[in-house]
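The values are calculated or read from the model by the stated rules, or taken from the named source; none is laboratory data. Just so it is clear, the structure is predicted and the values come from calculations on it, not from any experiment. Counting neighbours? That spans all protein chains shown, and the Cβs are built from the backbone with ideal geometry, glycine included. SASA here: full protein model, heavy atoms, side chains in, ligands and nucleic acids out. Shrake-Rupley method; radii C 1.70, N 1.55, O 1.52, S 1.80 Å.
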Amino acid sequence: MSSPLIYTYPPLEAGILVRRYKRFFAEIELTSGEVITAHCPNTGPMTDVCTVGSPVQVSRSNNPKRKLAYTWEMIQVPHPEPTWVGVNTGLPNRVMRSLLEQKQLPELAPRYDTVQREVVYGTQGKSRVDFLLTSSTHHPPLYLEVKNVTWTQGKIAVFPDTVTTRGQKHLGDLMGVLGEAKAAIVYFINRGDCEQFAPGDSTDPKYGELLRQAYHQGVEVYPYRFKVTPQGLYLLGLAEFLLSKPSRELTE
């Protein structure tokens, strides 16, 4: 059974990464030879997915109000074989909204009727959850966070690739609703070459500890795999969730 195409990119242009600088900018040489500055919609370190000289794909906007017409959408990495990796961190939430509204995630679909975005919750109402799923029947509300995953160790997708105090807080907020509601976190694996997922203990051991605590307390963990191509995204299903990364992999 083939994987469904669940998101179609706008027409993309190919190029080579010249450099990324000041976090939000990427200098890219298009196949035409023109060198352009594209918006880099990823504020993180982009560990192992920001190698100069790598093939990239960019989209172009016709909006005259934009300072930069181009947006960097994906990069091709050689590990373990040439693989496209999505770098636009704004895309996972848009894709998840569509998947939720169209009930394309069988693990969640029977449990809600309504999808709400950016709902205030958490300690003193100072957080916003990505999605709140509610049901008109007996199902309790479900608070759902989404995290973009691009880093790998060996063949395992790993999150986070740096210390994330914001991510730590999100796990605490999700644990805080348990008892009165359900809570879940989706790890949006923005590349198709990993069949397993694990917390990034080597970069943020506190996050890994909190994720394991949240899981044991009842927060549901869904590491969804997506194949990235210049045409669009394909849903590959769930990766295997490893509570901790196998020590054997650390030496590979």
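I'm checking my understanding of the structure. Among residues of region 185-219 that are among the small types (Gly, Ala, Ser) and outside any strand (DSSP E or B), which one is farthest from residue 96 (Cα to Cα)?
202
Residue by residue through region 154-206, note down the ones that are polar (S, T, N, Q) and buried (at least 19 other Cβ atoms within 10 Å of the Cβ).
Once the filter is applied, which keeps residues that are polar (S, T, N, Q) and buried (at least 19 other Cβ atoms within 10 Å of the Cβ), region 154-206 yields 164, 190, 196, 203.
Return yes or no: is residue 128 closer than 19 Å to residue 96 by Cα, in a loop (DSSP other than H, G, I, E, B) and not hydroxyl-bearing (Ser, Thr, Tyr)?
no
Looking only at region 22-69, which residues are surrounded by 12 or more Cβ atoms within 10 Å (Cβ to Cβ), part of a loop (DSSP other than H, G, I, E, B) and of a type in the set (Val, Ile, Thr)?
Selection gives 47, 49, 51.
Considering only residues that are under 14 Å from the mean Cα position of the chain (by Cα) and in a loop (DSSP other than H, G, I, E, B), which ones fall in region 144-184?
Let us first name the residues in region 144-184 that are under 14 Å from the mean Cα position of the chain (by Cα), namely 144-152, 157-161, 167.
Scanning region 144-184 gives 150, 160, 161.
Report, by residue number, each residue of region 99-118 that is in contact with a strand residue (DSSP E or B) (Cβ under 7 Å, 6 or more places away or on another chain), under 16 Å from residue 235 (Cβ atoms) and either open to solvent by 20 Å² or more (accessible area, probe 1.4 Å) or at pLDDT below 95 (or both).
101, 104, 107, listed by residue number.
Pairs please, first residue from region 59-83 and in contact (Cβ under 8 Å) with a residue 40 or more places away in the chain, second anywhere and among the acidic types (Asp, Glu) and in a strand (DSSP E or B), Cβ atoms under 9 Å, 6+ apart in sequence or on different chains.
Matching pairs, first to second residue: 59/13; 59/73; 60/13; 70/13.
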